[in-house]
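The values are calculated or read from the model by the stated rules, or taken from the named source; none is laboratory data. Predicted model, so just to flag it, every value in this text is computed and none were measured. Don't worry about glycine lacking a Cβ; one is built from the backbone with ideal geometry, like all the others, and counts go over all protein chains shown. Areas reflect the complete protein model, heavy atoms only, side chains present, ligands, DNA and RNA absent. Shrake-Rupley method; radii C 1.70, N 1.55, O 1.52, S 1.80 Å.
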Amino acid sequence: MSTRIWLTVGIAIAAATASSQDFGKPITFSAPASRAAVLLPELAKSVGFELKTTAQTEDEVLLIQVKDVSIRDLMDRIAKAANAEWRKEGKGYRLIRPTTLSRKAAAKEAAQRTQLFKEFLALESADVKAVPAWSQAQAQALAKSVTTLLADPDRQMTAPREYQDAERSIQKLSPITGAICALLNQIGASDLAAVEPSQRAVFALHPTAMQIQLNGQCRQIFEQYAANQRQYAEEVAKLEPAAGPQRARRRMADLPTLAPGNPALGIGQALLILSQSMGRVFGRGVGIQATIIVADTNGATLASGSTMLFRQVPDPSIHFSNDRENPISFGPLAKEMNAAIQSQAFGPGMDEMPRVMSQIPGVDGTVAFTSKISFGAPRKPLSADLRSKMLHPDLFDPLSIVVGEELTSASANLHFNLVADLPDSCAQHLESLAQGFNASVGAAALFNYHCPESGLDVQQSNGWVVISPSEPNAAEYQRVNRVALAKLIRALDEKGAVSIDDIATFALSQEKPVVPYDVDGKFLQTVCGSAGKKAVTALRQPDVLRIYGTLNSGQRAAMLASASISIDHMTVDQKKWLADDIFNSNDGPRLLENEASGPTPRGFDPNSTPSVLDERTQILPNGIRTNGQLQFKTSVEQGLCGHEQASGLSGYVNCADIAARMYQKDRPELGTPIYYDTFRPATRQKVSFMFRLEPSVVLARNIESTSIDMNASEVSFDNLPTDTKKKVLEILDLIRKSPFASMTFNRQGGGRFSPPPP
């Protein structure tokens, strides 16, 4: 604890003594992990005076389990865990976080990240040779290894560990890995640490205003990489046909393709594109997604490649204990929650059937159906107790059940008093301990190994365990807004469908995007089923939702009229979100090569190679030009909301969806679909945003909204309107007559066409 914290608490205690508050009084208190705004008022009942929060501390998720400790000791540990101080206020105290503490934490966090990247680079450099000049024998050997690996696709299933080891060996020897390692060392640990997990950074030999300058030594690295990669690609091409499924799989595996550039022209531009796609989600792990594009003076690609570098950097302070005498344990509610999240949120084909690319002409001559297949099992409804808790994450915190139970179990087994401030980032790893092998995880191992691996700082002394985020500022960014999440979950549950306004309000409530394995993603999918999954998908593009949520009356009128507005007339925040979407999203702007066909990426062909001409920081070298246009297009589809009685799940469907589910119900080898028993009328609205950034550069985004006529009665399929039933049956007949219907499937999801009858 810092001197500042001790001093402040001491002053507070001295002032309290004059008010007859007894800080030496022993108390026993236990509460599940909860927002500080919820937990501290409960603690106040035990200590005998008010305990309050501020806007900076109200959302800290605190977990307390203590026995016969003084109020003074408990308040000191709470302040330490939360990186905060207590301030005397009226008859009680308020938990505050002064700017000085936030700055100190930020500086410490930056230093830790820089040190982590130093260790990461040292490990990578020791394991990967930089960019040596290749001999033909080396190129031939690597080409043979990779083509042999791809020639035996079943090996990935029959011997997965051997397959992964072979992949890693190839990756270490490949030109792309050596070049990226050498370039990262030229950039340095401090600059790499400055790249945020949600940021996309582009380093260049000849940078635009949106790129970062590389030093002169990097040119030689790019030159050697281009020569090695071309030699490697030539040897691979000799061993494989130039086209066909094998070639497509090579591109998917990111293996070398001969580039069209002219080596005799030399390098005109070279880019290193980085994104910390994994950041520090797994404790001291560093993950960087890196792409290199080297082009000649005409802009044609000489060589390109991508790879993911991931290292789990050992922490010298962790001493793993193989403690089996005090295994952590879970109650029935935690076990149910873990099982529900795993099977309902992430299980295959639970409520959405994956699409198979097989289109069938509709009865009116248009494409009416894209066939779907799933390989899932039916869902089991949540118990009333768990469901009520998951519907109120603002009161029953998502970390209180599985994560909270294992920490309190471990502290009780080792007879520790526990105070913890929990970041959401710890959930993924710690919840995995409840997936069938928790009996082998002891209490000491949890504190000594698994907590640090989950981004937690653990301090044990004098009968206390105090847990806090290793990176408090990052934890604040990653924290899900519980109040907003509760409103969204209850709205989805009540409506049974996704409203653009509801998800836009949620997107505006927090900085972080929603991903399936985060706290918000898991709760939305588990509680809300199909509507929750659709909400998670929509929330993966938070910037456009924020723009939608802040449209003023004039902008909204243009949207409803499918008109356009000038980007120059967008607000400062709207332009900021647009810039983030353009330069940091996974799929940025595209070149509009054909007005009739819409925006098409140049590198869509699996045999093509990436180009600097498609790179967003090249085609928009000075950022957003305000003379661009935002064009709206809205469309409405009338459909149905189906409801499955057994699971309680519901979802929007049209005639093609119903036909697909009916077909799958007759083919049990395809799995068990969600087969809706009753239906209500529903409407789906689609809003398209087309940002025309330059005459030939566009960013296209779509969001959907569904509304259900809750005043209408639920009816079975037989009681639907005659024309609706007729259309469903016509599409079902088309499916049964299609080539798709002759395919046979196994339970793992593989499919093949049946041979013709003799």
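Hey, among Leu422, Leu414, which residue is surrounded by fewer than 24 Cβ atoms within 10 Å (Cβ to Cβ) and of a type in the set (A, V, I, L, M, F, W, C)? I'd like the intermediate steps shown before the answer.
Numbers: Leu422 fails: surrounded by fewer than 24 Cβ atoms within 10 Å (Cβ to Cβ).
Unique residue meeting the criteria: Leu414.
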Residue among Glu167, Glu119 that alone is surrounded by 14 or more Cβ atoms within 10 Å (Cβ to Cβ), in a helix (DSSP H, G or I) and without any contact (Cβ under 8 Å) to a residue 60 or more places away in the chain | Glu167
Per the list (1) assigned to a loop (DSSP other than H, G, I, E, B); (2) surrounded by fewer than 14 Cβ atoms within 10 Å (Cβ to Cβ); (3) at pLDDT 85 or above, residue check on Glu325 breaks on (3)
Taking region 471-491 only, how many residues are modelled with pLDDT of 90 or more and either open to solvent by less than 10 Å² (accessible area, probe 1.4 Å) or more than 21 Å from Ala535 (Cβ to Cβ) (or both)?
-> 6
Take the residues in region 693-713 that are more than 26 Å from the chain's Cα centre (by Cα) and open to solvent by 50 Å² or more (accessible area, probe 1.4 Å), then tell me which one is farthest from Leu613 (Cα to Cα).
-> Ser713
Given the structure, is Gly299 at pLDDT 90 or above, surrounded by fewer than 20 Cβ atoms within 10 Å (Cβ to Cβ) and on the phi > 0 side of the Ramachandran plot?
-> yes
Identify the residue in region 60-90 that is in a strand (DSSP E or B) and within 16 Å of Gly463 (Cα to Cα) and, among all such residues, is most open to solvent (accessible area, probe 1.4 Å).
-> Lys67
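Considering Thr100, Thr57, which residue is more than 23 Å from His415 (Cβ to Cβ), hydroxyl-bearing (Ser, Thr, Tyr), surrounded by 15 or more Cβ atoms within 10 Å (Cβ to Cβ) and in contact (Cβ under 8 Å) with a residue 40 or more places away in the chain?
On the way: Thr100 fails: surrounded by 15 or more Cβ atoms within 10 Å (Cβ to Cβ).
Testing whether each residue is more than 23 Å from His415 (Cβ to Cβ), hydroxyl-bearing (Ser, Thr, Tyr), surrounded by 15 or more Cβ atoms within 10 Å (Cβ to Cβ) and in contact (Cβ under 8 Å) with a residue 40 or more places away in the chain leaves just Thr57.
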Going through region 216-241 one residue at a time, which ones are open to solvent by less than 70 Å² (accessible area, probe 1.4 Å), part of a helix (DSSP H, G or I) and out of contact with any strand residue (DSSP E or B) (no Cβ under 7 Å at 6 or more places or on another chain)?
-> Cys218, Ile221, Gln224, Ala227, Asn228, Gln231, Tyr232, Ala233, Glu235, Val236, Ala237
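Just one of Val466, Val458, Val498 is in a strand (DSSP E or B), touching a residue at least 40 places away in the same chain (Cβ under 8 Å), touching a strand residue (DSSP E or B) at 6+ places or on another chain (Cβ under 9 Å) and open to solvent by less than 50 Å² (accessible area, probe 1.4 Å); which is it? Step through it out loud before you land on a result.
Values: Val458 fails: touching a residue at least 40 places away in the same chain (Cβ under 8 Å); Val498 fails: in a strand (DSSP E or B).
Just one listed residue meets the conditions, Val466.
So which residues in region 510-521 are in contact with a Pro (Cβ under 7 Å, 6 or more places away or on another chain) and part of a helix (DSSP H, G or I), if there are any at all?
Our first condition is that a residue be in contact with a Pro (Cβ under 7 Å, 6 or more places away or on another chain); within region 510-521, this holds for 513, 519.
Passing the criteria: only Val519.
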Of all the residues that make up region 408-428, how many are assigned to a helix (DSSP H, G or I), under 25 Å from the mean Cα position of the chain (by Cα) and aliphatic (A, V, I, L, M)?
-> 1
